[in-house]
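Shown next, in structure tokens, is the structure this report addresses.
The values are calculated or read from the model by the stated rules, or taken from the named source; none is laboratory data. Keep in mind the model is a prediction, meaning the values are calculated, not measured. So basically every Cβ, Gly included, is an ideal-geometry build from the backbone, and we count neighbours across all protein chains shown.
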Amino acid sequence: MQRQIRALYDEETIAVYQAYAPEIAVPALAAQTFVAPFGMTRMTWIKPSFLWMAYRSGWATKPGQTRVLRIHLKRTGFEWALANSTLSHYDPAHHESEAAWKSTLAASPVRIQWDPEQTLTLKPQPNVRSLQLGLSGPAVTHYVNDWITRIEDVTPSMHHIHSLPAAEAQAALSTERPYPLTPALATHIGATD
């Protein structure tokens, strides 16, 4: 099973995706960060995979998820989130015991889920997992106040790609590539490469 972070990134930033109703997306685009009515006390999930976001939001058509945002984060912030995370489920191959995992989970401001990566037809790829990060508490505060460098609305791109024949849609996708992790960080989050 391959667990790999694939994303759009440069030397300073990495792009992640979230989908919201216009009531949250429009003020966020105007402020270039999240503002009310965005909930600072709720866990917020960010996804580096465009196709996983397409799956989750139904190509930006599901209620409450009709606006897809690409949020550019400082890589230092993203890597802080990874370093301060724990897996959202107990994995005996990764944790010394279920009690140790529960203790870490209770103290961690970030959850990691490895979900099936999607194809253009939104069918899960059976042997590839894509990262989803759940931010809570101090991680949400850092995300909103410190890490975001830019927010863009990619809803039109998502609708356009969905309308294309498969070969054209594949060509229209932004090129995500493996995100570089230190061996220690890869081990910590359960990545395979």
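Which one of Thr33, Thr66, Thr121 is more than 24 Å from Ala186 (Cβ to Cβ), in contact (Cβ under 8 Å) with a residue 12 or more places away in the chain, touching a helix residue (DSSP H, G or I) at 6+ places or on another chain (Cβ under 9 Å) and loosely packed, with under 13 Cβ neighbours inside 10 Å? Spell out the reasoning first.
Values: Thr33 fails: loosely packed, with under 13 Cβ neighbours inside 10 Å; Thr66 fails: loosely packed, with under 13 Cβ neighbours inside 10 Å.
When all the criteria are applied, what remains is Thr121.
What about Ile151, is it at pLDDT 95 or above, among the hydrophobic types (A, V, I, L, M, F, W, C), outside any helix (DSSP H, G or I) and over 23 Å from Tyr90 (Cβ atoms)? Taking the combined requirement at face value, the residue satisfies it. Here Asp146 meets the list (1) farther than 27 Å from Ala36 by Cα; (2) out of contact with any Asp or Glu (no Cβ under 8 Å at 6 or more places or on another chain); (3) part of a helix (DSSP H, G or I) almost entirely, failing just condition (1). Any chance the range 97-114 includes a residue that's charged (D, E, K, R), on the phi < 0 side of the Ramachandran plot, more than 17 Å from the chain's Cα centre (by Cα) and part of a helix (DSSP H, G or I)? For the range 97-114, residues charged (D, E, K, R), on the phi < 0 side of the Ramachandran plot, more than 17 Å from the chain's Cα centre (by Cα) and part of a helix (DSSP H, G or I): present. How many residues does the range 1-40 contain that are under 13 Å from Glu152 (Cα atoms) and small (Gly, Ala, Ser)? Residues in the range 1-40 being under 13 Å from Glu152 (Cα atoms) and small (Gly, Ala, Ser): 6 in total.
When the range 78-94 is limited to residues that are farther than 20 Å from Leu8 by Cβ and among the aliphatic types (A, V, I, L, M), the one that is modelled with the highest pLDDT turns out to be Ala83.
When the range 125-141 is limited to residues that are surrounded by fewer than 20 Cβ atoms within 10 Å (Cβ to Cβ) and more than 17 Å from Pro48 (Cβ to Cβ), the one that is modelled with the lowest pLDDT turns out to be Pro126. Restricting attention to the range 76-114 and to residues that are surrounded by fewer than 18 Cβ atoms within 10 Å (Cβ to Cβ) and charged (D, E, K, R), the residue that is nearest to Glu176 (Cα to Cα) turns out to be Glu79. Residues in the range 166-193 that are touching a residue at least 40 places away in the same chain (Cβ under 8 Å), surrounded by 11 or more Cβ atoms within 10 Å (Cβ to Cβ) and either in contact with a Gly (Cβ under 7 Å, 6 or more places away or on another chain) or in a helix (DSSP H, G or I) (or both): Ala169, Gln170, Leu185, His188, Ile189.
Do you know which residues across the range 111-158 are touching a Phe, Trp or Tyr at 6+ places or on another chain (Cβ under 6 Å) and either over 21 Å from Ile24 (Cβ atoms) or small (Gly, Ala, Ser) (or both)? Matches in the range 111-158: Gln118, Leu122, Arg129, Ser130, Gly134.
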